[in-house]
Structures are given as C-alpha cells and as structure tokens.
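Structure first, commentary second.
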Amino acid sequence: MKTDVLIENLAADLRPVRPLPGSTCRTIYWLTPLLLVSVSLLLGLARSDTSETLNIRSERWEMGIAALTAVSAAFGAFSASKPGRPLWISYVPVPFLAAWLSLLAVGLWSEMPGHPLSVSDFMPARSCVRLLITFSLLPITTLTVMLRRAAPLLARRSAILAGLASASFAVVLLRLVLFHAPTLMPEMMTEHVGSLFILGIVTGAFYKVLLPRRSSCPGEY
C-alpha cells in the first residue's frame, strides 16, 4: 500500500477529540440522578424514620460527614482518571473518613459504661445489609460507567474511591430510611464501617473487571 493511500485511509477514520468535563462537573453529573432517586424514594416511603433521625444532632453530624465522604471520594475518583491531575487529590476523602470513624467511635464509647458490650451487639441486621447492598448498586454502576469513558490510568485507585463513594452514599440513604436508636451504635458501626471496607476491597480487587485497561479512549480524554 502506498504511503499517500495509507494516510488517506487513516485520515478517513479520524474523529475530533472531545475533552471530558472537569472533575467537579462530573461529580455533579453523578450526584444529580442519585439525589432525584433518593428524594423520590423517601417521598414514596413516607416513613417517620427520616424525621426521627434528623431530630438527633449526632445523626445529622454523621450523615453530613458521610455525604462529604461520598462527594470527595467521587471527586477523587474522577480526578484520578484525568491525566495530569495531582495525586494528592485522591486523598481528599481521608480527613472526612477519619472524622466519620472518630464520630462512630465516640458514640460507641459513650454506650460502653452503662451497657457492657458483647459480640452479639456488633452483629448487623440482615435487613440493613440488604438495603446497603441495594442502595450501593446505582451509585457504583453510574460511577463505573462514567470512569470507563475516561480509561483511567490509575484504575485501582479510581475503583477503590468509587467503592468508598458508593458505600458512603448508601449509608446516608440507609440512615434516612431506617431509624437506629443511639443504643444500637455497635450494630451501626459494624454496618457502616463494614460496608465501607468491604465495597472498597471488592472494587479494588476487581478493578481490572470494572475498569479494563484500554490502549485508547474513543474520542475523549
């Protein structure tokens, strides 16, 4: 094949490259449908659990920190998939995660003096586990689809952050749907911390399946 013919054939398949939106815009795109679905779910259930939970100050603090963890982890995942972004952005969720775990630890400690804890107190409720799995499906699916479009170079880090963001969002939704009395703090700690670590470990272990490596990205970077 002659050189000029080869050049013409290659040029015929060229498509303009469309840069992906910034990490902030993509985080908003990820959050918008999740918030709409969540509001629809809460309005459809019309349970009193939401008002009961919001009336407790510690519950509001935990949900707020969990929401910040979800948003910052999603932002970090999108940033890790963008070439040229500084690596420190991936660690933005760490302070929020540390504050969240500290808040749970303080709540657990406050229950210990008057109520000796046993292993059975830390056993999660099956209904809560099922709801956590259900609530995490939509955020992890949408995050994975959005990350795959960018063909992230740091695939494992992006996958772990996606798992952390999805689990955090699922915990916030669970707290709004099901009221947990403060005396159930050991059970809550197992459910919340367990979901974070399990989903983070699973997404990190299967990052090659979730975010397969590609030699090029079709029309976007």
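Please treat every number below as a calculation from the coordinates, not as lab data. Note that the structure is a prediction, hence the values are computed from the model and not measured. Every residue, glycine as well, gets a Cβ built from its backbone with ideal geometry; the counts of neighbours run over all protein chains shown.
Protection proxy ranking of 187-194, 77-84, 24-31, 167-174, by the mean of other Cβ atoms within 10 Å over each peptide's residues and highest first, is 167-174, 77-84, 187-194, 24-31. A simple rule links phi to the HN-Hα coupling: the Karplus curve 6.51 cos²θ - 1.76 cosθ + 1.60 with θ = phi - 60°, which for region 135-147 gives 5, 8, 5, 5, x, 6, 5, 5, 5, 5, 4, 5, 6 Hz, with x for Gly and Pro.
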